[in-house]
Amino acid sequence: MLSEEIRQSFLDFFKKKGHKIIPSSSLIPDDVSVLLTTAGMQQFKKYYTGELNALREFGSQRTASIQKCFRTTDIEEVGDRTHLTFFEMLGNFSFGPAGSDNPEDLSAAGYFKRSAIFWAYEFVADVLGINFERIAISVFKGDNEIPFDEESYKIWHDEIGLPKDKIILGERADNFWGPTGDEGPCGPSSEIYVDGVEIWNLVFNEYYKEKNGVFKKTGNLGVDTGMGFERLASVLQGKDDVFETDIFMPLIAKINELAPGLEQKIIRILADHLRSSIFLISDGVRPSNKETGYILRRLLRRILAYSVKYDIHADLFPETLEIINDKFGEIYPEIKKIKEILSVLEEERLKFEEAVSRGVKEIGKYPEIDGKTAFYLYETFGLPFELILELGPKEAVKNLGRKDFDKESQKHQEISRAGITKKFGGHGLILDTGELKAVDEEEMKKVIRLHTATHLLQWALREVLGNEVGQTGSDINAERLRFDFSFGRKMTTEEIKKTEESVNQKIQENLPVYFKEMPKSEAEKTGALRFFKTQYPEVVKVYFIGFISAEFCGGPHVNSTSEIGKFKITKEESVSAGTRRIKATLIS
């Protein structure tokens, strides 16, 4: 089935089931807690919380959409068979209270598990034509707080007819979503697998977790489903590589035509970054050194750096833009702004080429390029480390290592902060702030070390997963830290390992920890991270860790990172759709 047929069949199917079809929202969300739209349900958050009324707004408690999404899930991973920065999410949604929950009910009323499951199976089996034998599902097995999701199990087994060996009983980490933070709606989920690949996740919000930790049934039932479009296309088209689907093949073919002989990984990176950049520009993002602009600039400069490194003489931008416009312009009309998009692309190219031209001339002046010289070339001419290695004379760069470059960068950052007074004290320690808990002086020392570790953890997560990561909750006692953050999927083992190693690296570097007190308006201009659910006073403290981390925080913290000890992540799990949780401890 071609990708255009998949799209249309999904929208037609749910329209017949009484859903209002809602256009994709922008990649730039209204939600200030995230930089980019990362999930299909993001545009509907206020309908789940009751801030907005779906029936009044849409004329239906049922909606369906195909949403543009963007995740900076470690851009370095792009180039394998599955990782993408820009992707699309198919979803159907119901905002409670539920009606009869009869799949034959085609009204505008809300629905719940039975209708959601029956329709999901009908779409997968009857509309997409996927053989019964290829399908398996998962349901929540229950634990000491929430019972087994027997209702979903019986619907799948007794009514749909899936045998027991096709039903996986999942743990809370994989089959229970929510709440966001310590309080709110949440519930079990049911995942649909085809040939062992998860294609669809059905989340059923039937509980409300109160501040005291008690889960109670709620009458405001909600359904939130999400199905990755590119992954679904690969399953339906018999591919184990999303870049081999018809979504990407015209673009891949054009890149091969313009730059023959490239290795497969580089072609995939170029295809992903070109498509992603064009979608960001079409939604109003412009290259800069801040936030979404920085993400775009990073993508574009990586494309341009590969053009230099692999001696690509063709201009990739105009012809690939035409291909992407042909493929997506009718679905997303904003892509049709070809002249405007091309103007942004060409302007960034000129800036990059100017930087490279000046830098290359400078490189030839040095018989040997060490970390200090490489950082000078980067800081002065905007020449990326990778291109210094590529363009510098072989003898001059033969001993240049990334660690030496990073060390010089760190030195520069600390010098630039030298004017800020480093001190610790005057916090008025509170042993139970709601976030930090200690019962005596000994526990207090442990809690303070763990508290500083959470700041390093947030920095590391954003380095590894991308800047869409942001704190949504935290709880710290003398034994462990618990850190909740916005992110749309389970972290890989490699990502967890990389995060842990990054934190420990900064601990070993013995970075200074200090704060500066300033008006809130001034603090906001520094770009310091803050917990958006918190109401801050007019005068705030911003805590700095070296030059890598700045956060609104009341303290207390250690004086330097070496006091923290060895950091160990013990668990990464789901909290709710779009929210993950890390538990960690310290090894003295």
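The values are calculated or read from the model by the stated rules, or taken from the named source; none is laboratory data. Keep in mind that what you see is a predicted model, and the values were worked out from it rather than measured. Cβ atoms come from the backbone with ideal geometry, glycine included; neighbour counts cover every protein chain shown.
Restricting the first member to the stretch 186-201 and to residues that are outside any strand (DSSP E or B) and modelled with pLDDT under 90, and the second to residues that are buried (at least 24 other Cβ atoms within 10 Å of the Cβ) and of a type in the set (Lys, Arg), no beta-carbon pair is closer than 7 Å while six or more apart or on different chains.
Per the conditions (1) in contact with a Leu (Cβ under 7 Å, 6 or more places away or on another chain); (2) surrounded by fewer than 19 Cβ atoms within 10 Å (Cβ to Cβ); (3) basic (Lys, Arg), the sole criterion not satisfied by residue 17 is (2). Looking at the stretch 353-372, is at least one residue under 28 Å from the mean Cα position of the chain (by Cα), crowded, with 19+ Cβ neighbours inside 10 Å, not in a loop (DSSP other than H, G, I, E, B) and not assigned by TED's automatic domain parsing to the domain that holds residue 509? Looking through the stretch 353-372, none of the residues is under 28 Å from the mean Cα position of the chain (by Cα), crowded, with 19+ Cβ neighbours inside 10 Å, not in a loop (DSSP other than H, G, I, E, B) and not assigned by TED's automatic domain parsing to the domain that holds residue 509.
For the stretch 480-512, filtering for residues that are assigned to a loop (DSSP other than H, G, I, E, B) and over 15 Å from residue 564 (Cβ atoms) leaves 6. From the list 146, 155, the one residue that fits, being closer than 18 Å to residue 222 by Cα, under 30 Å from the mean Cα position of the chain (by Cα), not assigned by TED's automatic domain parsing to the domain that holds residue 485 and not in a strand (DSSP E or B), is 146. A search for C-beta distances below 8 Å between a residue of the stretch 276-303 that is surrounded by fewer than 16 Cβ atoms within 10 Å (Cβ to Cβ) and any residue that is at pLDDT below 90 and basic (Lys, Arg), counting only pairs 6+ apart in sequence or on different chains, returns 288/297; 289/297.
Residues considered: 551, 522. Of these, the only one that is of a type outside the set (Ser, Thr, Tyr) and either in a loop (DSSP other than H, G, I, E, B) or free of Cβ contacts under 8 Å to residues at least 12 places away in the same chain (or both) is 522.
Listed here are the residues, each with its yes/no results for (1) surrounded by 20 or more Cβ atoms within 10 Å (Cβ to Cβ); (2) over 30 Å from residue 152 (Cβ atoms).
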site: 223; (1), (2): yes, no
site: 228; (1), (2): yes, no
site: 242; (1), (2): yes, no
site: 268; (1), (2): yes, yes
site: 271; (1), (2): yes, yes
site: 331; (1), (2): no, yes
